[in-house]
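Read through the structure below, which is laid out as structure tokens, and then see the notes.
Coordinate-derived values only; no laboratory data. All figures in this text were calculated on a predicted structure; none of them were measured in a lab. Here Cβ is always computed from backbone atoms with ideal geometry, including for glycine, and neighbour counts include all displayed protein chains.
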2 protein chains.
Amino acid sequence: LENLPFGVFVRPGHRPRIGVAIGDHVLAMGVVAELGLLPPHVPPKVFRRETLNEYLGLGPDTWESVRSRLTELLTIGNQELVPHEGSALIPSNRVDMVLPVEVGDFVDFYSSRYHAENVGRILRPNEASLPPAWLHLPIGYHGRAGTVVVGGTPIRRPRGQRGADDVGPTRKLDFELEVGFLTGPGNRLGEPIPITEAQKHVFGLVLVNDWSARDLQAFESRPLGPFLGKSFATSISPWVVPLEALRPFRFTPPVGDPAPAAYMRDPSPWSLDLELEVLLRRDGTDTRVCRSNYRYMQWTITQQLAHVTSNGAIARPGDLFASGTVSGPGEAEMGSLLESTFDGSRPLPLDDGSSLSYLEDGDEVVMRGWAAKGDARLGFGEVSGRILPAHG
Amino acid sequence: LENLPFGVFVRPGHRPRIGVAIGDHVLAMGVVAELGLLPPHVPPKVFRRETLNEYLGLGPDTWESVRSRLTELLTIGNQELVPHEGSALIPSNRVDMVLPVEVGDFVDFYSSRYHAENVGRILRPNEASLPPAWLHLPIGYHGRAGTVVVGGTPIRRPRGQRGADDVGPTRKLDFELEVGFLTGPGNRLGEPIPITEAQKHVFGLVLVNDWSARDLQAFESRPLGPFLGKSFATSISPWVVPLEALRPFRFTPPVGDPAPAAYMRDPSPWSLDLELEVLLRRDGTDTRVCRSNYRYMQWTITQQLAHVTSNGAIARPGDLFASGTVSGPGEAEMGSLLESTFDGSRPLPLDDGSSLSYLEDGDEVVMRGWAAKGDARLGFGEVSGRILPAHG
């Protein structure tokens, strides 16, 4: 009841509908709206849509009033929903989840210093491990929004140029453990979002698996950055956890050194303590291959959003901003195989007796997240994907 | 009548509508469709939309039948439209043009060898001027789709990090002369578009000004490529010229050396002979600062689309693929100020007596294109933008 994550579900033969997860049921928000059970200023039509975008565009006051009202409706003793439970509450095992938003733009940051330094050491051993601008701004790039898929979608091993005159299925298929946020109302072109306002534009968070083909990526990415090595697929968890639900798990992060530029100095900075893990499922056996925490990110959500709009670029309802690989300082905390296997050269042992360098056909990657503090615990859902063999 | 470009127009107090330019009038396609004057298999509803996306999704057979029918309707002697001219044909000077598509994903290539070598020599003088993969694949990256604007939109000078501890309005605001194509139906995730099919997915072309802030770009772009140095705005021409209209201006380009990988070998390769120019308008005086031609691009449209989907990534109706700066071999053929002023160090003389290193507030950049062959001539419209001073 503290979570109330939003998603979009489908029942066979029906069109996609907006839902809120509650225990092992999904609350059909369209039904709740039609029944007149939501606050009167919330336009019911936003819950007739097949994505969350229009709802995200309504902004934090509306999100908060809907959240309060749902809490009321779902509290034991409240009778308002009881006569309608048959139509409003659907068992989760009878629905499939689809992509919750139409992603407008997809930005992928690079905000774990541990990850950036690991990657620098492995891929550019003759340069400084941290890129020149890394300490001054949250480095990022745009990914392909059209290939963001919902968790559970099988991932076809991509083909591509692994080097000069070497075309074929990638030999270095990898995952990246990330956390993303989805924006709400957004700004007008040419008018940056001040860092003090940034939080109002963030609806909620998802888990992100930024699938990567390291050989394609290495060959293509100078000087314009990753392209086809990333663009074949990015998976996000089906349930969007509202930022509001994560409030108990906030903490005050250390100020960066050097101090960030004025436009990224948050007078009330916060980050989130989110536990994360990656399981590799092979032949029915799960092996945990990473355990990390979102708190390791050096650049915060408000800094990222203030930075990305600082040049006047807009954020829109449904834009996705991913953190970059959430790697920590420990050997077991590396959020990609590039790091944890040192580019495939130091395979990880799996619990079924085999070993893992890069992903093999049939492997399934399952990422999970949760927050815990004292008695409070909040599940963050999971994002999974199984590797299909390359075509042809 | 050979052109019949598509766009979206607005009259004061009305909602945006799809139109086709014909002389100094705009043909309101929604009206033509409602009158039942289009082929019966073309769903009229696609012309009630406020963008071209749904029409683009219908594919080349539909585009061709609509084009044939419009040619018929607009030929002198045809009487079918005559009774409806008042509602169907609107003087161009009574409408404003808006963005013709909702851009799904925006890819920017780097396909002029002259441009890539110029930039390499200027920005990376100690490295090979051509990046390692350049001859093997069309290098590109994703830009910010949400900040693609229609030509005529004023461009606010962006602020940003010009270097370490140096935040302020860009001092190196530049244009890039480009040509883009908009895709139609597209493919399914995981299923590349073969190069022999690529042409069927291309609806038409626009002019593109890929505005760039060179100081921001230089500081931020290692290792993930351009980000805020580009994302503040990209302008496209309001009228989309159908690929079909450009057929007379095709030519067979030379095969690359080394020969492209099999998936980019087009059995019937073609490129386009499109004349391009850039005018700099300052204090009412126009100076031509670049004259180039799209034929200089080494990677073709079909190669670009085959490449970008070769890893299984999808193209969707309304995705924008820009060529990269169209620079030629001559000094007057450089499509950006980075090149033609050697990063601002060799200012260009302007016809008003002043000089141009990078863009100044108040400067207007006007890009124009046309095709000409024998008696055939086809205007490609223009894309313009005037620089507003930075905020704050």
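Here are the numbers for the structure shown:
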{"item": "Label-reachable residues, region A:1-38, where backbone N falls under 11 Å from a point 7 Å from A:R94's Cα toward its Cβ", "result": "A:11-12, A:26"}
{"item": "Amide H contacts of A:I139 (H built 1.01 Å from N, under 5 Å, at least 5 apart or other chain)", "result": "A:Y110"}
{"item": "Three-way shape label, region B:83-219, alpha-carbon gyration tensor, a/c 1.5", "result": "oblate"}
{"item": "Amide proton proximity set for B:V289, modelled H, under 5 Å, gap of 5+", "result": "B:V278, B:L279, B:L280"}
{"item": "In order through region A:377-385: 3J(HN,Hα) via Karplus (6.51 cos²θ - 1.76 cosθ + 1.60), integer Hz, x for Gly, Pro", "result": "9, 9, x, 10, x, 8, 10, 10, x"}
{"item": "Convex hull (Cα only) mean projected area of region B:126-178, reported in nm² to one decimal", "result": "6.3"}
{"item": "Student exercise, chain A dipole from Lys, Arg, Asp, Glu Cβ charges, in Debye to nearest 20", "result": "520"}
{"item": "For chain A, built as a Gaussian network whose Cα springs stay under 10 Å, the top-fluctuating residue of A:S336, A:S92, A:S112", "result": "A:S92"}
{"item": "Potential lengthening between A:F251 and A:R188 on full extension [0.36 nm per residue; Cα-Cα distance subtracted]", "result": "19.6 nm"}
{"item": "Total formal charge among the other residues, if their Cβ is under 13 angstrom from that of A:G369, Lys/Arg +1 and Asp/Glu -1", "result": "-1"}
{"item": "Radius 14 Å from Cβ of B:P194, net charge of other residues (Lys, Arg +1; Asp, Glu -1)", "result": "+1"}
{"item": "Size of electric dipole in the protein assembly as shown: Cβ of Lys, Arg +1 and of Asp, Glu -1, about Cα centre, debye, nearest 20", "result": "440"}
{"item": "For chain B, built as a Gaussian network whose Cα springs stay under 10 Å, the top-fluctuating residue of B:V167, B:V42, B:V149", "result": "B:V167"}
{"item": "Per-residue HN-Hα couplings for region A:38-47 [Karplus 6.51, -1.76, 1.60; θ = phi - 60°; Hz; x = Gly/Pro]", "result": "9, x, x, 7, 8, x, x, 4, 5, 8"}
{"item": "Under 5 Å, built H, 5+ apart or other chain: amide partners of B:A313", "result": "B:G190"}
{"item": "Along each principal axis, Cα extent of region B:291-379, largest first, Å", "result": "51, 37, 26"}
{"item": "D_trans [Stokes-Einstein, Kirkwood Rh over alpha-carbon pairs] for region B:29-129, 4 °C, 1.567 mPa s, µm² s⁻¹", "result": "75"}
{"item": "Anisotropy class of region A:300-351 from Cα gyration tensor, a/c 1.5 cut", "result": "prolate"}
{"item": "Point-charge dipole on Cβ atoms (K/R +1, D/E -1) for region A:192-351, about Cα centre, debye to 20", "result": "300"}
{"item": "Debye log10 I(q)/I(0) for region A:3-70, one point scatterer per Cα, at q = 0.20, 0.29 Å⁻¹", "result": "-0.79, -1.62"}
{"item": "Region B:255-332, Cα convex hull volume normalised per residue, Å³", "result": "135"}
{"item": "Antiparallel DSSP beta bridges within chain B, percent to nearest 5", "result": "90"}
{"item": "Shape box of the protein assembly as shown [Cα atoms, principal axes, largest first, Å]", "result": "79, 65, 56"}
{"item": "Euclidean distance of C-alpha centroids, region B:329-392 and region A:272-305, integer Å", "result": "47"}
{"item": "Folded to 0 to 90 degrees: helix A:113-123 orientation relative to chain A principal axis, Cα", "result": "30"}
{"item": "Whole-Hz ³J(HN,Hα) from phi, Karplus 6.51 cos²θ - 1.76 cosθ + 1.60, for region B:264-270, glycine and proline x", "result": "10, 8, 8, x, 10, x, 8"}
{"item": "Three-way shape call for region B:194-286 based on the alpha-carbon gyration tensor, with the a/c threshold at 1.5", "result": "oblate"}
{"item": "Gaussian network model of chain B, springs between alpha carbon atoms under 10 Å - residue of B:P347, B:P267, B:P158 with greatest fluctuation", "result": "B:P267"}
{"item": "Formal net charge of residues neighbouring A:E178 (Cβ-Cβ distance under 10 Å; K, R +1; D, E -1)", "result": "-3"}
{"item": "Cα principal axis extents for chain B, largest first, Å", "result": "65, 51, 40"}
